[in-house]
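J.: Before anything else, here's the structure in question.
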Amino acid sequence: MITAFYQFAPRLGERDANLEMIRKGTVNRSFDLLVLPELCTTGYALTPEELDRFSEPVPDGPTVSFMLRYSQEKKSTIVWGMAEREGDRFYNSAVLVHQGFFLGKYRKVHLFLDEKDLFTPGDLPFTVWDVNGVRTGIMICFDWAYPEAARTLASRGAQLIAHPANLVLPLCQKAMPVRALENRIFTVTANRTGEERGLRFTGQSLICAPGGKILKQARKRPSFGSAEIDPVEASDKRMTARNSLFEDRRPSFYL
Ligand code: ACM
């Protein structure tokens, strides 16, 4: 299975240009799973008025329609971040499509900084989808700082976590190999680059393996990166012959 990220600098409020950039940057590449950054069709530093204007229903909006067509054309799975509108609420969401089918969405649980003024905190459970036999979970950007998010997905059977991000701190890139290691899962973090309204994004998207090894990391911007993986490797939770990270847990000692 080929997992991939596409890292780029979305243009604020220019959905069609952003979708075109995604297409141009990936259409000649091979992948089974493509992960794109958080809020990658609208940009990140939105005003409330812009959020109202640019957000879309999921799955009944033009961005999902584009991705359905594109995932069918590429015979692949795509996970990306976008601003979702439901009634008078807005969510920082990520969407999962597979070969022309909408499989589901996740709404960011741990909102970062001024996102708290814009979005309603996620109200959907951490979910694991069976995508062509690969058990796939989603978390979004700052969820990385809560090890419980990745642990919950891994406990629910995730072999791989797709992780759209818009990182402004240079910390998550250090943490993701550890999330992969402590849960013995694959992770694909797609970050963005560029600057918006005083926020500078830190790039360095990365794909990590269950042993904590970084299989691929972006060094330039924009950047497509891929790595071939065997998801079954994530089913073995042993760190040594006598230590299973899951079977040996001692929940009575934990908070
Ligand atoms: C972030 O959660 N976008 C840092």
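J.: For GLU148 and ASN28 in the same chain, what is the full-extension length gain: residue separation times 0.36 nm, less their Cα-Cα distance, in nm?
T.: 39.5 nm
J.: Between ASP16, ASP114, ASP88, find the one with the highest GNM mean-square fluctuation for the chain; connect C-alpha pairs within less than 10 Å.
T.: Result: ASP88 has the largest fluctuation of those listed.
J.: Specify the residue with the greatest mean-square fluctuation among THR47, THR187, THR240, computed from a Gaussian network of the chain linking alpha-carbon atoms under 10 Å apart.
T.: THR240
J.: Computed over the Cα atoms of segment 1-104, what is the ratio Rg over Rh, Rh following Kirkwood?
T.: Across segment 1-104, the Cα-based Rg/Rh ratio is 0.95.
J.: State which entries of LYS75/LYS213; LYS24/LYS116; LYS74/LYS116; LYS75/LYS116 exceed 31 angstrom in Cα-Cα distance in the structure shown.
T.: Beyond 31 Å: LYS24/LYS116; LYS74/LYS116; LYS75/LYS116.
J.: What percent do you get for the relative contact order of the chain when only Cα pairs under 8 Å and 6+ apart count?
T.: It rounds to 20 percent for the chain.
J.: Which GluC sites (Glu not before Pro) in segment 158-255 pass both tests, a DSSP loop state and at most 15 other beta-carbon atoms within 10 Å?
T.: Sparse-neighbourhood loop GluC sites (Glu not before Pro): GLU247.
J.: Within segment 214-255, which chymotrypsin sites (Phe, Trp or Tyr not before Pro) sit in a loop by DSSP and count at most 11 neighbouring Cβ atoms inside 10 Å?
T.: Passing both the DSSP loop test and the Cβ count: TYR254.
J.: Straight distance only, please: which aspartates and glutamates reach the Cα of LYS174 with their own Cα at less than 20 Å, same-chain residues fewer than 8 apart left out?
T.: Reachable aspartates and glutamates: GLU38, ASP143, GLU148, GLU182.
J.: Mind checking segment 47-127 for trypsin sites (Lys or Arg not before Pro) that DSSP puts in a loop (not H, G, I, E or B) and that have at most 16 other Cβ atoms within 10 Å?
T.: Within segment 47-127, the qualifying trypsin sites (Lys or Arg not before Pro) (loop, at most 16 other Cβ atoms within 10 Å) are LYS75.
J.: Stretch LEU255-ASP236 to full length: gain in nm at 0.36 nm per residue minus the Cα-Cα span?
T.: 4.3 nm
J.: Tell me, how many Å apart are the Cα centres for segment 42-87 and for segment 214-241?
T.: So the separation of the two Cα centres works out to 26 Å.
J.: Please name which of ALA4, LEU96, GLY43 has its Cα lying farthest along the dipole of segment 1-136 towards the positive end, using unit charges on Cβ (Lys, Arg +1; Asp, Glu -1) and the Cα centre as origin.
T.: Farthest towards the positive pole: ALA4.
J.: So, one more: Could you compute the FRET efficiency for GLU247 and GLN99, with r as their C-beta to C-beta distance and R0 at 41 Å, rounded to 0.05?
T.: Once the sixth-power term is evaluated, E becomes 0.70.
No value in this document is a laboratory result; all are computed from the given coordinates. Every value quoted in this text rests on a predicted model; they were computed, and no experiment measured them. Every residue, glycine among them, receives a Cβ derived from its backbone with ideal geometry; neighbour counts consider all protein chains shown.
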